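In what follows, a single structure is set out as structure tokens and then discussed.
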Amino acid sequence: MQSEPKKLGWVKEEKMILQGDSQKFLEPNQVIKKFGLEEGDSFADLGCGPGFFVIPVARLVGESGKVFAVDVFPNALEEVKNRAEFEGLQNIELIRADLEIPKSTGIEDGTIDIVLLSNILHQANPQKVMAEAVRILKKDGKIIVVDWRKIKIPFGPPKDGRISVDNVKKIAKEEGLKLKEEFDAGAYHFGLIFGK
């Protein structure tokens, strides 16, 4: 495994925003409604951070479902673990992986109903991350991308460092995906749903 990527100055700020007054920025329970989750589904959050989506999704898919929380940072996974234990959730598997390395997640090919890429494509090689998402996705599954809009705001990653909607669509098409839906993920984020 490669060494941990260098943390950017805004990452700490982003975590504070998302864990603090998230209603103003990105409300997970509203965004999750777009996922079409069902009890028993398998879900992988690639670049899960502290479990912003992992915890509410684990509740929704229930004991018969499975959630894979994947991140390169051990402290992020530790936070997911602590939150899961606090809530008594036992359907979450923690995976430390560098998403730029093929098959680093160790998740079997074609086994995941829904793969989430939230605020990750601007932090890593988007083509490699998308390729891993496609590899683990079931034939009838969905890849959901939620990321920062390319607008000027005083928080989040620098505007020039964000990935555009058009670039995400281009990468997805190159990976053999079809756009199923675009959705509003809040004032500062866009949402895209792809399928094979």
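Given the alternatives (i) 35, 17, 14; (ii) 22, 20, 17; (iii) 28, 18, 17, semi-axes √(5λ) of the Cα gyration tensor in Å as computed for this entry is given by (ii). From its DSSP helices (H runs of at least four residues, each -39,500 (n - 2.57)), the chain gives a residue-normalised ellipticity at 222 nm of -9000 deg cm²/dmol.
Per-residue extension of 0.36 nm, minus the Cα-Cα distance of I151 and N75, leaves a gain of 24.4 nm for this segment.
By other beta-carbon atoms within 10 Å, ranking D184, D98, D41 with the fewest at the front produces D184, D98, D41.
Using the 10 angstrom Cβ neighbour count as an exposure proxy, how do I143, I55 rank, fewest first?
I55, I143
Here the Karplus relation 6.51 cos²θ - 1.76 cosθ + 1.60, evaluated at θ = phi - 60°, turns the backbone of region 66-71 into coupling constants of 9, 10, 9, 9, 10, 7 Hz, with x for every Gly and Pro.
As a rough footprinting exposure proxy, the listed residues I153, I193 were ranked by other beta carbons within 10 Å of their own, and the order from fewest upward is I153, I193. With springs only between Cα atoms under 10 Å apart, run a GNM on the chain and tell me which of F52, F68, F86 wobbles the most. Comparing F52, F68, F86 in a Gaussian network model of the chain, the most mobile one is F86. Among the listed pairs K81/K150; K103/K170; K81/K169; K66/K178; K81/K152; K81/K170, those with a Cα-Cα distance over 30 Å are K81/K150; K81/K169; K81/K152; K81/K170. Could you work out which residue, out of K33, K180, K128, moves most in a Gaussian network model of the chain, that is, has the largest mean-square fluctuation with Cα springs under 10 Å? Sorting by GNM fluctuation, first place goes to K33. Placing pseudo-labels 7 Å out from each Cα toward the beta carbon at K103 and K196 gives an inter-label distance of 1.7 nm.
At q = 0.14, 0.20, 0.29 Å⁻¹ the log10 of I(q)/I(0) for region 109-175 amounts to -0.42, -0.78, -1.33, computed by Debye summation with a single uniform scatterer per C-alpha, solvent ignored.
None of the figures in this text is laboratory data; all of them are computed from the coordinates on show. These numbers come from a predicted model, not from an experiment. Methodologically, a virtual Cβ is constructed for each residue, glycine included, from the backbone with ideal geometry; neighbour enumeration extends over all protein chains shown.
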